[in-house]
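The values are calculated or read from the model by the stated rules, or taken from the named source; none is laboratory data. Since the structure is predicted, the reported quantities are computational estimates derived from the model, not experimental observations. Here the Cβ positions follow ideal geometry from the backbone for every residue, glycine too, while neighbour counts run over all protein chains shown.
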Amino acid sequence: MKALLSAARPLLTDMASTILFFCIYALTGRLIVAVALGLGLVAGQIGWELLRNRAVDTLQWISVVMVLSSGSAALITNNPVFVMVKPSLIYLLIGAAMLKRGWMNHYLPPRALEFVPDLAITFGYVWAGLMFLSATLNLVLALSLSVTAWGVAMSAWSIASKTTLFLGQYGLMKFIGRRRASSLAAA
């Protein structure tokens, strides 16, 4: 269970500001409060990494720029569509970054890299596909649903799709990794 939680941590960290925005907006209906808290969380996450002298990933910087620009536009125009469309842009950028072969190796423990490096590459492309699908779905829903309905739909999709893929990937890689390790030990 500890390994599963450790592997899920980057996913939860990446989704935190979006989840916070959706929750605050759904609970209060106040765009300014939701955007401000989302911006605060992203800034806090980056600040925490910098305070710990850890490198901030390119995708985190992209997320900060996107949150700042879309949040500012939403606040200036008092139009939540800017915030609603923002995830599509982020999904596209992340999906494009995930097309880089081997990007997932950074997130895997050495044992996984030893026994299932091929699966890591394959799942890297599967994750990119999920990001492109999510970008398309978000854009369609952002332009056709109310803010509340969009927030509920995209929150459910975001959490369910990523959790399902993560758990499926984790289970399959662990299963195949153990089989490969056993085969090598028996040889």
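General observations
- Residue ID - modelled with the highest pLDDT, chosen from residues in segment 71-84 that are under 11 Å from residue 142 (Cβ atoms) and buried (at least 18 other Cβ atoms within 10 Å of the Cβ): 84
- Scanning segment 93-116 for residues that are surrounded by fewer than 13 Cβ atoms within 10 Å (Cβ to Cβ), within 18 Å of residue 175 (Cα to Cα) and under 21 Å from the mean Cα position of the chain (by Cα) returns a single hit, 109.
- Elements of the type helices (runs of 4 or more DSSP H) sitting completely within segment 83-187 and holding at least 2 residues that are touching a residue at least 60 places away in the same chain (Cβ under 8 Å) and within 30 Å of residue 34 (Cβ to Cβ): these cover 117-144, 147-186.
- Filter result for residue 13 (modelled with pLDDT of 80 or more, touching a helix residue (DSSP H, G or I) at 6+ places or on another chain (Cβ under 8 Å) and not hydrophobic (A, V, I, L, M, F, W, C)): no
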